1. Multiply the residue separation of D317 and L189 by 0.36 nm, subtract the distance between their alpha-carbon atoms, and state the gained length in nm to one decimal.
2. Ordering F23, F302, F59 from largest to smallest accessible area (1.4 angstrom probe), what's the sequence?
3. With the other protein chains left in place, how much accessible area per residue, in square angstrom, belongs to the chain at a 1.4 angstrom probe?
4. For region 103-112, just list the computed ³J(HN,Hα) in residue order, Karplus coefficients 6.51, -1.76 and 1.60, θ = phi - 60°, integers in Hz, with x standing in for Gly and Pro.
5. On a 0 to 90° scale, report how tilted helix 42-55 is relative to the longest principal axis of the chain, with both axes built from alpha carbons and the result rounded to the nearest 10.
6. Which angle between 0 and 90 degrees, to the nearest 10, do you get for helix 144-153 versus the longest principal axis of the chain when only C-alpha atoms count?
7. Checking a compactness column here: for region 1-133, what do you get for Rg(Cα) / (2.2 N^0.38 Å), N being the number of residues?
8. Region 10-61 to region 80-128: how many Å between their Cα centroids?
Amino acid sequence: LGHMERWLKHPRYQRLAECPDGFYMAAWGRSLPPTSLNAADPASVAFMAALYDELLPHFTCGAFNVGCDEPWELGQCRSKAVADAIGTGRLYLNYLLALREVVRARGKHMMFWDDIIANYPELIPELPRDVTALVWGYEADHPFDQRCALFRGAGLRFYVCPGTSSWNSVAGRTTNALANLRCAAENGLKHGAAGYLITDWGDNGHWQPPPVSCAGFAYGAALSWALAANSDLDLPAALDWFAFEDAARVTGRLACALGDVYTLPGLARPNGTRLFDALQAGPDQLGRLADDLAEAGRAGSFHAALARLDEIMRPLDSARSARPDADLIGDEFRLCADLLRHACRRALFLLGDVSATPAALLADLDALAQRHRQLWLARSRPGGLADSLARFEPARLAYRQALSG
């Protein structure tokens, strides 16, 4: 339903868009292209059914997540008259129930993300008992307790779905991830969740390499299997033993520490870090970013982050991993650290520090983009790489504008 922008940008599918001319996302302060299907149009359901017919024959699993999260334009444009008549929540529920019929007809069990229906708790009891709600949230204080209670009270099957906190960060958000994963496990157990699903996303170009997510996967897996026994798990040691196979016990500690640089004052924000913002901001975002950095980060935080990055990375050469991709893992963590160093230097430049020039920053960014390309292709398919590399362009453009005066 939402996140359909890669389809709706094509003329062939624009007829299915809720807001074909795009919309203004007030929370982000910018306009977006169409991202959501028109939930009131039966053609949207027919389109999804056709996609299911292409995809489902290739999978044996009986459970199928239809998504339906974050339809930001829901009820705002083409379906507004229907939403005004029956309510936005009912509009959403009707679409979800239509998909449920499509999924049942194909012999699957429907799962769906809970974020929209949770805003309409009076409608939750109308959900069929043969669906599974996926209760998701990625901050340390996400209200898993209240959300789980909604579905338990209605007698519905549900999973808790925390995340690794890797996206929009480069190196992760370790402290947030551990608290989020623990909160999900505690409340899933309390309310009788049927499962525990760890999510790992790639927002804004998937600039975090795969090893960054290992901490969240390992800790979440341990909690979901035995919460009481593993709440105080020595995570760096577990990572070195099971994930990185590092006899020197260096990589696990480094991974967790690198993912905590964001905890320095002013560098944290929900769903990401200000260091990540400093990497990807383009010319039109620099004023707002500079204000945020001046108010929240201040120059001292970025100098402290640079010093901390040096301290964290110093032991990496003494790691003794037995993994065949040990060198690749080391290079991936080095790139993470260097991207964060660039973010600090760019932030300092925006705050008036003249130690880094636009020319030097541009050269450094170009080298980082090339390393990102090489490391991506060393482990992953090319699909998505062009989009990921394009995320370097806004900062590159800003540097060029600064050079041209």
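The values are calculated or read from the model by the stated rules, or taken from the named source; none is laboratory data. Note that the structure is a prediction, hence the values are computed from the model and not measured. Virtual Cβ from ideal backbone geometry, glycine too; neighbours counted across all protein chains shown. Protein only, heavy atoms only, side chains kept; ligands, DNA and RNA dropped before computing areas. Shrake-Rupley method; radii C 1.70, N 1.55, O 1.52, S 1.80 Å.
1. Length gained, D317 through L189: 41.9 nm.
2. F59, F23, F302
3. I get 45 Å² per residue for the chain.
4. Each residue of region 103-112 in turn: 5, 4, 5, 9, x, 10, 9, 7, 10, 7 Hz.
5. Between the helix axis and the principal axis of the chain, the angle is about 60 degrees.
6. The two axes meet at around 20 degrees.
7. Working: Rg = 14.7 Å, N = 133, 2.2 N^0.38 = 14.1 Å.
Normalised by 2.2 N^0.38 Å, the Cα Rg of region 1-133 equals 1.04.
8. When both Cα centres are located, 16 Å separates them.
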